[in-house]
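The values are calculated or read from the model by the stated rules, or taken from the named source; none is laboratory data. Source: prediction; values computed, not measured. Neighbour counts run over all protein chains shown; Cβ positions are idealised from the backbone, glycine included. With ligands, DNA and RNA removed, areas are computed over all heavy atoms of the protein, side chains included. Shrake-Rupley method; radii C 1.70, N 1.55, O 1.52, S 1.80 Å.
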Amino acid sequence: MSDSPANHLKDHVSIITGASSGIGAASARALAASGARVVLAARDADKLNDLVTGIRDAGGTATARITDITRPDDVQGLVEFAAQECGPVDHLVNNAGLMLFSKWSDGAVDDWDKMIDTNIRGYLYAISAVLPGMLARQSGHILNMSSVAGLRVGDASGVYSATKFFIRGITDSLRQEVGTVHGIQISTISPGVIDTGWADKVTNEEGKQIAKNLNQGAISPQRVADAVVYALNQPANVTVNDIVIHPTHQDW
């Protein structure tokens, strides 16, 4: 068999959090098209079911479980479900995230808490759930979705950026501890402005306007999905550490 791109993904089990829309859904379709068996996690049952149906109709292998990544028992159940349905988890695409803009002076504590629960605790719970199996097998790949906001803080993005700086920090720590010692591949992708509908979720009025202005000229989630496939589609002795992808016009 030739060393074609699909060979490193075929029949591998890939969990994708935040899979019901945006980058997660695009990545699910792309990985399934490359031969991976995708396990989709999100809270929206209708969107998950539609995505699974679409992937299967296109000839891919997919299943889904309604999952709230802010609940550790839910995330552990997701990994157990994946193992029962498809086999041991080879890839974790830690993608579920929440981006809510506000000024510090707004004191938007509820929004801050939501981002901390999703962008920080959710990532930690998912890593904790998949890591024991990967360590036991001395193989696997954890891909954490960060952001260019984790490289530079923008207007009204203070807490969101802080969560993405956190993700870069834990990724570097994982790479040092389990990547170099145990052979587990650890990657980060940092997208810029991607058209995922995120700006519509901002409730703070000033933050919403900043988000809408920023979202002009955003690029398609498919571009990030291509980067996900590239990062995961590597032989076991190769790791793609970090990919930054953003619109040409964006000054990050």
Please determine whether any residue of region 88-103 is out of contact with any strand residue (DSSP E or B) (no Cβ under 8 Å at 6 or more places or on another chain), over 28 Å from residue 38 (Cα atoms) and surrounded by fewer than 21 Cβ atoms within 10 Å (Cβ to Cβ). yes
Per-region count, region 104-126, residues touching a Gly at 6+ places or on another chain (Cβ under 9 Å) and open to solvent by less than 40 Å² (accessible area, probe 1.4 Å): 7
Can you confirm whether residue 41 is in a strand (DSSP E or B) and either farther than 15 Å from residue 229 by Cβ or of a type in the set (A, V, I, L, M) (or both)? yes
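Yes/no per residue for (1) acidic (Asp, Glu); (2) outside any helix (DSSP H, G or I); (3) farther than 19 Å from residue 27 by Cα; (4) under 15 Å from the mean Cα position of the chain (by Cα):
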{"residue": "111", "(1), (2), (3), (4)": "yes, no, yes, no"}
{"residue": "115", "(1), (2), (3), (4)": "no, no, yes, yes"}
{"residue": "119", "(1), (2), (3), (4)": "no, no, no, yes"}
{"residue": "126", "(1), (2), (3), (4)": "no, no, no, yes"}
{"residue": "139", "(1), (2), (3), (4)": "no, yes, yes, no"}
{"residue": "153", "(1), (2), (3), (4)": "no, yes, yes, no"}
{"residue": "159", "(1), (2), (3), (4)": "no, no, yes, no"}
{"residue": "175", "(1), (2), (3), (4)": "no, no, yes, no"}
{"residue": "178", "(1), (2), (3), (4)": "no, no, yes, no"}
Enumeration of residues in region 113-170 that are farther than 30 Å from residue 238 by Cβ and β-branched (Val, Ile, Thr): 116, 118, 153, 159
Residues of region 208-232 satisfying the condition of being open to solvent by 40 Å² or more (accessible area, probe 1.4 Å) and at pLDDT below 60: 208, 209, 212, 213, 214, 216
Within the set of pairs 6 or more residues apart or between chains, which connect a residue that is open to solvent by 30 Å² or more (accessible area, probe 1.4 Å) inside region 127-151 to a residue that is assigned to a strand (DSSP E or B) with Cβ atoms less than 7 Å apart? 151/190
Restricting to region 55-75, give me the number of residues that are open to solvent by less than 70 Å² (accessible area, probe 1.4 Å), of a type in the set (A, V, I, L, M) and part of a loop (DSSP other than H, G, I, E, B). 1
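Going by what's in this entry, would residue 15 be described as in a strand (DSSP E or B), modelled with pLDDT of 95 or more and crowded, with 24+ Cβ neighbours inside 10 Å?
Values: in a strand (DSSP E or B): yes; modelled with pLDDT of 95 or more: yes; crowded, with 24+ Cβ neighbours inside 10 Å: yes.
Yes.
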Residues in region 76-109 that are outside any helix (DSSP H, G or I) and without any contact (Cβ under 8 Å) to a residue 40 or more places away in the chain: how many? 1
Out of all the residues in region 143-168, which are modelled with pLDDT under 95 and of a type in the set (S, T, N, Q)? 147, 157
